[in-house]
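Presented below is the structure to which this report refers.
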Amino acid sequence: MAQMADHRPVSPGRQQRGRHLWRRAPHRTPGGALDHDTIGLLARDTSGRMAGACTTSGMAFKMRGRVGDSPQVGAGLYVERGVGGATSTGLGEEVTRVSGTARVVASMRAGLAPQAACEEVVRHIAALRRDAIKGVQVGFLAMDTRGRIGAFCLLPGFTYAVTDTAGRTKVLKAPSLFKA
């Protein structure tokens with residue numbers, strides 16, 4: 001007979017204390033490696049057809065039952081035929097609140113370049129949430145069917161990689177709305 005893992009549920013109060021300690025931890029820097037962990041991928045073939053994927057390992061000390069942005073269409077990832085795609089990283093609640101990646105793609109459909117579309121949604125989140133996003137990272141990456149790329153985030157530290165058709169890869173830092 002198979003053995004079950006030793007499961008010890010954590011009380012909501014203890015979970016809250018852990019989340020509070022995590023936010024104050026000296027090793028946690030806004031936009032740093034421990035502040036977000038989503039991997040988003042956008043790909044385009046030579047004819048402009050696009051695909052995307054995203055994955056996350058989740059938020060540390062998250063509330064039981066929390067669903068992040070990655071599995072929600074239009075939040076963590078959105079790709080539309082003939083327009084382009086977008087992916088996001090950071091605090092999923094802030095992305096989900098505005099259907100972030102769907103908004104980026106809708107802005108591209110309306111004529112904005114990928115960079116401007118990413119900037120628009122980040123600025124919208126900042127205007128909508130004001131002080132509630134202090135110290136929170138949210139970043140977007142977008143590409144249209146012509147291969148133009150855009151990236152923008154709330155705080156410095158969001159990096160992304162771009163690989164061209166020759167297989168050369170560059171790692172770039174996204175511009176941010178706020179300084180660290």
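What follows is calculated from the coordinates using simple rules that are stated; it is not laboratory data. Note that the coordinates shown come from a computational prediction; the quantities given were computed from them, not determined experimentally. Here Cβ is always computed from backbone atoms with ideal geometry, including for glycine, and neighbour counts include all displayed protein chains.
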Expected sort for 119-132, 102-115, 38-51, 161-174 on mean C-beta neighbours within 10 Å, highest first, is 102-115, 119-132, 38-51, 161-174
For segment 75-180, percent of DSSP beta bridges that are antiparallel (nearest 5) comes out at 95 percent
Per segment 79-162, sqrt(5λ) over the Cα gyration tensor eigenvalues, sorted largest first, in Å, gives 21, 13, 10
With x for Gly and Pro, the residue-by-residue ³J(HN,Hα) of segment 114-119, computed from phi through the Karplus equation 6.51 cos²θ - 1.76 cosθ + 1.60 at θ = phi - 60° and given in whole Hz, is x, 4, 5, 5, 5, 4
One computes Rg over Rh for segment 116-155 from alpha-carbon atoms, with the Kirkwood Rh, and obtains 1.06
Once amide hydrogens are built 1.01 Å from N within the peptide plane, the residues lying 5 or more places from D69 or on another chain with amide H under 5 Å from its amide H are G92
Interchain or sequence-distant (5+) residues whose placed amide H lies within less than 5 Å of the amide H of Q137 are G31, L91
Over all Cα pairs of segment 97-138, the Kirkwood radius sets Rh, and Rg/Rh then becomes 1.01
The ³J(HN,Hα) series, computed from each phi in segment 134-145 with the Karplus coefficients 6.51, -1.76 and 1.60 at θ = phi - 60°, rounded to the nearest Hz and given as x for glycine or proline, is 4, x, 9, 9, 9, x, 10, 10, 9, 8, 9, 5
